[in-house]
Each structure stands twice: as structure tokens, then as C-alpha cells.
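Everything on this sheet refers to the single structure shown next.
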Amino acid sequence: MLFRHMNRKPTAIDLFSGCGGLTLGLRQAGFRVIGAVEVDAIAVEIYRANHRSVAVWNSDIVTISPGTMMGALQLGTGELDLLAGCPPCQGFSALRTRNGARPNRDSRNALIDQMLRFATVLRPKTVMMENVPHLERHISFRRLCAGLEQLGYEVSWDVKDLAGYGVPQRRKRLILLAGKGFKIPFPAESTLLTTVRSTIGKLPQAGSSGDALHDLPERRSAKIMQLIRDIPKNGGSRGDLPKGRQLPCHRDFDGFRDVYGRMAWDNVAPTITGGCFNPSKGRFIHPIEDRAITMREAALLQTFPLNYKFPNPKNKEAIALMIGNALPPEFIRRQAEVILESLRAT
């Protein structure tokens, strides 16, 4: 049966779902996400608070049988419209491998193979996978591409800067799109940037907003608070300070220039990472206020909506990790809309 003759929402499964960024983007594009897999309990709590209709497997994916999942979801072979996922990317990070200078034998690298294992059994109409750019060099990625092609998929992949897709941050990611017997194009990029100002500039004062995610307190020494106050407003960095006012560990160190830097109002943010609550981890100081960005600001810069729920947000480090590891929904929405158009054209 041709997709364009079907009076139903296209279905999707989200592998490695994290706190739900990929699922949200798929839903915004018009997909009905029916199943998700995630091993982290905190991520699953956040996911379930926002995607109550999705069946979630809170398990290590290697222990899950695709056939059992198909039975639970009442799916037949070839019926699923989209299998999507972002296997943990820490194993492929350039930073973890000293920018590629040493081999990385992180056990999470093998999780890429789970995408192919599920695709082999489910035979979805389309497949989408997102990850860090360095994945393209890894044998597991080549194995995935070859395996999908053997199953009859036309595979396309590229490295994209998410700032060209409505995400207010510099963030390069690898995206793979595959259609069963047809090619899926990448959506057009935009030269118009979504800025930090347009994303977080109208939020109420942090600390007294009534939004628990925006009001989490900061605890820093007087020395660090003075350093933050010294950083020039709207895009300044520690490099702008005289050496006598820099931390001793920074005076003769030229790397990681974004450390203790401010975001700029009229530009995109740096990549939001799991360390986004800590100025010592990157350019995470508010453009004009003397503090790090809040977790709500971080979530908005990842393109989560203001009403996205983060239950029990007292553990700032855990919440920051969930937000930093998430897929920006806006980027996924734009990719998913093209997938949907391709499905309708078959």
C-alpha cells in the first residue's frame, strides 16, 4: 500500500532516546512515536514526563529482542515508517581521543551495531541516525552503511552545522538518512541564524522566576565570582583580561579559549554540553549577567520548548548532562519533515 493512501500518522521508534529530544522533533514533524529505548533512569523519568503515550524500554538495548518489541507494539515486518536513533557519542568524541591522536576503544562504540540489528529485523521504510562527526572514521559506521545497503536501503550521510537549521548554537553533527529503495535528500540550510538574544533574552530573572529549572542556585567561590564579573559583557572571554587578573592555570595556556567566556547576544551559542552549568567547561557565562546560563536557558538553546518538563531538577549536574547529550528537536524536526515528504512520494 502506498504511503500517500494511508489515513494514519507515520510511526517511528526512537532508539537511545535520552530525555526525548529526538522524539520531540519527530512528533513536531508529524510522526507518531510508538516505542523508545533508553538505559539511563533519569533520562527515562524526563522522557516519560513529556511523552506519556510512548512505550519505553528502560533497559540496555543489547538485552532487548527486536522481535519482542515488534510483538509488544503490534508491528509487522516492514510496517514501521522510521527507525531513528543516536547511539551514545562519547566513545567517538574527538576530545576523548586527544583530537584523534590516540585510538578509542570505548565499549559504547559497539552500540552503533544495534541500529543495524534492529533495522535487519524490523525492516523499516526509513532509517535516521545522528552522531558526532568523528563517527565517519569509525569501522562501526562503515559497517552500518554497508549493512543497510545490503538490506536494500539507499544511504546518504553528511556532517551538518546545526546553526543552519534553526538551532541557536554551533554544533556540527553527522546525520544519516536511508530509504528502503529510495533516496532521502537533506533539507535546505538557512543563512539566517537564531541568536542567543532571540532564544533566552526575554526570560524572567533567574532565581525568582517560579521555574525550578531556571531558579537552581549557583555556588561559587568569591574568587571565581570576581573573575566572572571581570569578563567583558556580550561575548568577552578570559583572554580579554590582563594576565594579572587571569587564573594562574590560564596565564600560559592557549587552548580551550571558550573557557570562562560569555555568550554573545546577537550570535549563536557554543555547543551546549553536559558541562554547560560550569564556566570552567566552556563559554557558558550569560551575555550580561554575572552567572552561568541556567538549565532552562541551556534547554532553550537546545530548542526544547519552555514547557518541557524536567522532574526533580535539584541535581544540576545530572540535568545538564541530559540536556547536553540531547538531540536538538528543531534540527530533528527539519530532517523528519523531509523524510515524511519522501515517504509520501513513494
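Laboratory data are not the source of any read-out in this text; all were calculated from the coordinates shown. These numbers come from a predicted model, not from an experiment. Note that each Cβ is placed from the backbone with ideal geometry, even for glycine, and that neighbours are counted across all protein chains shown.
Figures for the structure shown
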read-out: Highest average packing first - 14-21, 133-140, 217-224, 310-317, Cβ atoms within 10 Å; value: 14-21, 133-140, 310-317, 217-224
read-out: Size of charge dipole - the chain - debye, nearest 20, with Cβ of Lys, Arg +1 and Asp, Glu -1, no other charges; value: 400 debye
read-out: Under 20 Å from the Cα of Lys180 - aspartates and glutamates, other chains or at least 8 residues apart; value: Asp14, Glu79, Asp81, Asp113, Glu130, Glu149, Glu154, Asp158, Glu337, Glu341
read-out: Two-site FRET efficiency, Val62 against Ile288, from Cβ-Cβ distance with R₀ of 41 Å, rounded to 0.05; value: 0.30
read-out: Mean Cβ count within 10 Å, highest first, over the residues of peptides 182-191, 286-295, 45-54; value: 286-295, 45-54, 182-191
read-out: Tilt relative to the chain, helix 112-122 - C-alpha long axis, 0 to 90 degrees, to 10; value: 30 degrees
read-out: Efficiency of FRET from Cβ geometry, Ala41 and Val121, R₀ 22 Å, rounded to 0.05; value: 0.25
read-out: Ellipticity estimate at 222 nm from DSSP helix runs (n ≥ 4, -39,500 (n - 2.57)) divided over the chain, nearest 500; value: -8500 deg cm²/dmol
read-out: Farthest positive-ward along the chain dipole, Cα basis, beta-carbon charges - from Ser237, Tyr47, Gly166; value: Ser237
read-out: Angle in degrees between helix 139-150 and the longest Cα principal axis of the chain, rounded to the nearest 10; value: 30 degrees
read-out: Sites Ala212 and Arg170, calculated FRET efficiency, Cβ-Cβ separation with R0 30 Å, nearest 0.05; value: 0.60
read-out: Relative contact order for the chain, counting Cα pairs under 8 Å that sit 6 or more residues apart, in percent; value: 19 percent
read-out: Angle between the chain longest axis and helix 329-345 axis [Cα atoms, degrees, rounded to 10]; value: 20 degrees
